[in-house]
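Engineer: Take this structure, written in structure tokens, and hold onto it; I'll ask about it next.
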Amino acid sequence: AHETLLSPLDVGRLTLPNRVIMAPLTRARTPDSIPGDLQAEYYAQRADAGLIISEATNISPTARGYVYTPGIYTDAQEAGWRKVVKAVHDAGGRMALQLWHVGRVSHEIVQPEGRQPVAPSALRGEGAECFAEFPDGSAGRYPVSTPRALELDEIPALIDDYRQAAKRARRAGFDMVEVHAANAYLLQQFLATGANRRSDRYGGSVVNRARLVLEVVDAVSEVMGADRVGIRLSPFIEIFGLSDDEPEAMMHYLAAQLSRRGIAYLHINEPDWTGEGPQLTDAFRRDLRERFRGVLIYCGHYTAERAEALIADGLGDAAAFGRPYIANPDLVERFRRGAPLNDPDPSTFYGGGAEGYTDYPTL
Ligand code: NAD
């Protein structure tokens, strides 16, 4: 049959009613890191999405680089997320929790007890900023500090943080989890040659640099089942001072390894998502298709038309929409009717309350 953006799609254990995915979107509206009624309302408004992927969620206090972002490492956070998932399910939706650790994109002032952020190597993300709250109560962007390199014997506890986060996600009722291995945060810092100078089994070769990501995928798969696990990757992206000499070789290896593990989906954040940066080639997409048997989701300033073309060409199975989903809770219905979209207001992307969050109009 001829598949379109609005045809159903099997993703692991789930059948999505359409291929319009809500991308993970940091909104920084949980001052105490606990999602509540406002988040439940916001996500439930968007339950028509084939799949909602949550905003990036800290797996531990150390994982954090931005204040006002939610966590999944306390009972209160788990209870808050349970409320969110219930609201989404009651509205007929499906939802994945994105598991996040920022690694070196942080600073002592955002870390518990003022500790130094951790990373594969003690290399600062040049030009990167975190978001901090200052002693006078104000908040703002702040240059990241130099991290310390994780000791080899600390890695099992780090993986366990992911495992425990997945257990909480499962208990909270999430349909899936997404491992955030993109956007120059901790897991991509391990993948990239420019941030990983380790000489142990987590650094050096492609196989070694990929080891942590695959061990994290295995740990969360034990909890959820691999068919309820997805991963987000952003090959070729160069933000937060991250550089990588071997992104293509790494993608080839990861795609094959992830395919063997039978995870549900691979979600690619395209390097030109801001409008700058290199474009993914069709050859790259075809190559990924051959190496990875699961569902392929692409994200990066998609329109309905571009998403239809991606699916019609067989290069991807679904498209994730970020900014369009901020401004259009009924995005699927708008696509169905070919209706115009609301424009997002960047001044209310982060922080604040209901304004610019739950008050965008539906058709
Ligand atoms: P930005 O540089 O304006 O802000 C970066 C971060 O600071 C935000 O994600 C938010 O956490 C925080 N922040 C900013 N203003 C805030 C406010 N008023 N109140 C509370 N928190 C606030 O963000 P941008 O220009 O949209 O994105 C910059 C880069 O950050 C992009 O390259 C993007 O890839 C990355 N990003 C990644 C994630 C993720 O992967 N989890 C989330 C958001 C942004």
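Engineer: Can you tell me how much longer the chain between residue 134 and residue 4 gets when fully stretched, taken as 0.36 nm per residue apart minus their C-alpha distance, in nm with one decimal? Walk me through the intermediate numbers first.
Structural biologist: Working: separation 130, 0.36 × 130 = 46.80 nm, distance 4.85 nm.
Here the answer is 42.0 nm.
Engineer: Where does the chain land at 222 nm, in deg cm²/dmol rounded to the nearest 500, when only DSSP H runs of n ≥ 4 count, each adding -39500 (n - 2.57), divided by all residues?
Structural biologist: Numbers: 10 runs with 114 residues, N = 363.
Estimated from H runs of four or more residues: -9500 deg cm²/dmol.
Engineer: Ordered by residue, what ³J(HN,Hα) values in Hz, to whole numbers, does region 308-323 give under the Karplus form 6.51 cos²θ - 1.76 cosθ + 1.60, where θ = phi - 60° and Gly and Pro are x?
Structural biologist: Here the 3J(HN,Hα) series is 4, 5, 4, 6, 4, 6, x, 7, x, 9, 7, 10, 9, 10, x, 4 Hz.
Engineer: Have a look at 95, 22, 250 and tell me which one the Gaussian network model of the chain (Cα, springs below 10 Å) gives the largest fluctuation.
Structural biologist: Largest GNM mean-square fluctuation: 250.
Engineer: Contour minus end-to-end for residue 343 and residue 245, with contour as 0.36 nm per residue of separation and end-to-end as the Cα-Cα distance? Write down the numbers at each step before the final one.
Structural biologist: Details: separation 98, 0.36 × 98 = 35.28 nm, distance 3.71 nm.
Answer, rounded to one decimal: 31.6 nm.
Engineer: Given a Förster distance of 30 Å, report the FRET efficiency between residue 272 and residue 15 from their Cβ-Cβ distance, rounded to the nearest 0.05. Walk me through the numbers on the way to the answer.
Structural biologist: Working: r = 31 Å, r/R0 = 1.04.
Computed FRET efficiency for residue 272 and residue 15 comes out at 0.45.
Engineer: Would you mind telling me the antiparallel percentage of the DSSP bridges in region 74-192, rounded to 5?
Structural biologist: Values: 5 of 11 bridges.
Here the antiparallel bridges make up roughly 45 percent for region 74-192.
Engineer: Oh, and also: Report the trypsin sites (Lys or Arg not before Pro) located in region 198-285 that are in a DSSP loop and have at most 15 other Cβ atoms inside 10 Å of their Cβ, or state none.
Structural biologist: Numbers: sites: 198, 201, 209, 211, 228, 232, 260, 261, 285; in loops: 198, 201.
For trypsin sites (Lys or Arg not before Pro) across region 198-285 that sit outside H, G, I, E and B with at most 15 neighbouring Cβ atoms in 10 Å, the list reads 201.
Engineer: Roughly what would the spin-label model give for residue 287 and residue 354, points 7 Å off Cα along C-beta, in nm?
Structural biologist: 5.0 nm
Engineer: Next up: In whole Å, largest first, what are the principal axis extents of the Cα atoms in region 59-174?
Structural biologist: On the principal axes, region 59-174 reaches 44, 37, 23 Å in Cα extent.
Engineer: Then there is this: Is there a quick way to get the dipole size of region 1-152? I mean about its Cα centre, with the Cβ of Lys and Arg at +1 and of Asp and Glu at -1; what is the value in debye to the nearest 20?
Structural biologist: Working: 15 positive and 17 negative charges, 51 e Å.
The dipole of region 1-152 has a size of about 240 debye.
Engineer: Just how large is the dipole of region 310-363 about the Cα centre, in debye to the nearest 20, putting +1 at every Lys and Arg Cβ and -1 at every Asp and Glu Cβ? Mind showing how you got there, number by number?
Structural biologist: On the way: 4 positive and 8 negative charges, 26 e Å.
So the magnitude is around 120 debye.
Engineer: At a Förster radius of 30 Å, what calculated FRET efficiency corresponds to the Cβ-Cβ distance of residue 157 and residue 208, to the nearest 0.05?
Structural biologist: Numbers: r = 20 Å, r/R0 = 0.65.
Result of the calculation: an efficiency of 0.95.
Engineer: Starting from region 65-169, pick out the GluC sites (Glu not before Pro) whose DSSP state is loop and whose Cβ has at most 10 other Cβ atoms within 10 Å.
Structural biologist: 151
Engineer: Restricting to bridges with both residues inside the chain, how much of the DSSP beta-bridge set is antiparallel, in percent to the nearest 5?
Structural biologist: Numbers: 8 of 43 bridges.
Taking every DSSP beta bridge within the chain, about 20 percent pair in antiparallel fashion.
Engineer: Name the residue farthest towards the positive end of the dipole of region 180-323 from the options 322, 249, 283, assuming +1 on Cβ of Lys and Arg, -1 on Cβ of Asp and Glu, about the Cα centre.
Structural biologist: Of the candidates, 249 comes out farthest on the positive side.
Engineer: Add +1 for every Lys or Arg and -1 for every Asp or Glu among the other residues with Cβ under 12 Å from the Cβ of residue 71, and state the total.
Structural biologist: Numbers: positive: 64, 168; negative: 32, 55, 75, 78, 161.
Net local charge, residue 71 excluded: -3.
Engineer: Looking only at 62, 30, 281, which one moves most when the chain is put into a Gaussian network model with springs between Cα atoms under 10 Å?
Structural biologist: Per the Cα network of the chain with a 10 Å cutoff, 281 tops the list.
Engineer: Determine the dipole magnitude for the chain: charges of +1 sit on the beta-carbon of Lys and Arg, -1 on that of Asp and Glu, nothing else is charged, the reference point is the Cα centre, and the result goes in debye to the nearest 20.
Structural biologist: For the chain, the charge dipole is close to 780 debye.
Engineer: Next question, about the same structure. For the chain, just list the percent of Cα-Cα distances falling in each 20 Å bin from zero outward, please.
Structural biologist: 31, 62, 6, 0
Engineer: Please work out the Kirkwood hydrodynamic radius for region 166-245, using every pair of different C-alpha atoms, and report it in angstroms with one decimal place. If you can, show how the numbers build up before the last one.
Structural biologist: Values: mean 1/r = 0.0752 Å⁻¹.
Value: 13.3 Å, from the Cα pair sum.
Engineer: Follow-up. For residue 113, put the label point 7 Å out on the Cα→Cβ axis and report which residues of region 157-190 keep their amide N under 18 Å from it.
Structural biologist: Inside the label zone: 157-158, 161.
Engineer: Still on this structure, I have one more. How are the C-alpha pair distances of region 137-295 spread across 5 Å bins, as whole percents from the shortest bin up?
Structural biologist: Percent of Cα pairs in each bin: 2, 8, 17, 20, 20, 16, 11, 5, 1, 0, 0.
Engineer: Here is a follow-up. Just in region 268-363: which GluC sites (Glu not before Pro) are loop by DSSP and have at most 13 other Cβ atoms within 10 Å?
Structural biologist: Details: sites: 276, 290, 305, 308, 333, 355; in loops: 276, 355.
For GluC sites (Glu not before Pro) across region 268-363 that sit outside H, G, I, E and B with at most 13 neighbouring Cβ atoms in 10 Å, the list reads 276, 355.
Engineer: Here's something else I'd like to know. How much length is gained on full extension from residue 122 to residue 313, taking 0.36 nm per residue of separation minus their Cα-Cα distance?
Structural biologist: Separation in residues times 0.36 nm, less the Cα-Cα distance, equals 64.4 nm.
Engineer: Here is a follow-up. Output the Cα-based Rg and Dmax of region 24-83 in Å, rounding Rg to one decimal and Dmax to a whole number.
Structural biologist: Rg, Dmax (Cα atoms, Å): 11.2, 34.
Engineer: In Å, the Kirkwood hydrodynamic radius of region 201-292 over pairs of distinct alpha carbons? List each step's numbers first, then the result.
Structural biologist: Values: mean 1/r = 0.0712 Å⁻¹.
It works out to 14.0 Å.
Laboratory data are not the source of any read-out in this text; all were calculated from the coordinates shown. Quantities reported herein were computed from a predicted structural model and do not represent experimental measurements. Every residue, glycine as well, gets a Cβ built from its backbone with ideal geometry; the counts of neighbours run over all protein chains shown.
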